[in-house]
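Below is one structure, written out as structure tokens; comments come after it.
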Amino acid sequence: MSKDVFFKDRITLAVTGASGSGYFLRLLRALVDTDIQIYLLLSDAAKIVLKTEENEDWPADLTQLNVFLQEKFQSKKQQIVVLAAKDWFSPVASGSSAPNKMIVCPCSCGTLASIAHGLSSNLIERSADVILKERGKLIIMPRETPFSTLHLRNMLTLSELGVTVMPLAPGFYHQPETISDLQDFMVARVLDHLEIAHKIGKRWCE
């Protein structure tokens, strides 16, 4: 698929089986609102967690899912493009066509390990590998507790490669009153790191 010129930017958004589906949904909404095209990668485990945590039962068929998401988020045509796990001919699978930004939210520690060791058994891992080799911007958002020594070593490996490791650990200085406030805190931090202007949440001392 060629780059659509009517979007401000493009980004790859991957969702794995870690807990925290609400963060993903809020982030997807924010990206749509900022007029960015999103290549969306969903693991099988992510779909299960999404249904368990958010009661979101999305169509299994990709064509139906793309139509469903366009209606759900009131996005432009082709703004959200869901890709199959083994679609090696998709734009995100090659450095010559992939966006130069990628977020994994939430990121399971299994996916984190695969990315840290350069594995490419599915499109999520391959997309991350492309971002790394092309020196793009990769943000991973793990949600696990406690972190094992292996988890921490893998995070250090990625950090040394220039990856932004942003655990889903919201602050409380903005005096959150709802779960949405906590989600907004993390989404705002992601957008800040991607240098995307927004008005989500309160900043320190505001």
message = From the protein chains alone at 1.4 Å, what is the descending order of accessible area for PHE147, PHE89, PHE185, PHE6, largest first?
response = PHE89, PHE6, PHE147, PHE185
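If you count only protein heavy atoms with a 1.4 Å probe, what accessible area per residue comes out for the chain, rounded to a whole Å²? Could the numbers behind the result be given before it?
Details: 10570 Å² over 206 residues.
With all protein chains present, the chain gives 51 Å² per residue.
With a 1.4 Å probe and every protein chain kept in, tell me what percent of the accessible surface of the range 38-148 is carbon plus sulfur. Can you show the working numbers first?
Values: 2720 of 5340 Å².
Here it works out to 51 percent.
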Listed values (1) 16.9, 55; (2) 16.1, 47; (3) 19.9, 63, entry calculated as Rg and Dmax of the Cα atoms in Å = (2)
remark   = Once all protein chains are kept in place, LYS86 shows an accessible area at probe 1.4 Å, nearest 10 Å², of 130 Å²
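The values are calculated or read from the model by the stated rules, or taken from the named source; none is laboratory data. Since this is a predicted model, take the numbers as computed values, not measurements. Areas reflect the complete protein model, heavy atoms only, side chains present, ligands, DNA and RNA absent. Shrake-Rupley method; radii C 1.70, N 1.55, O 1.52, S 1.80 Å.
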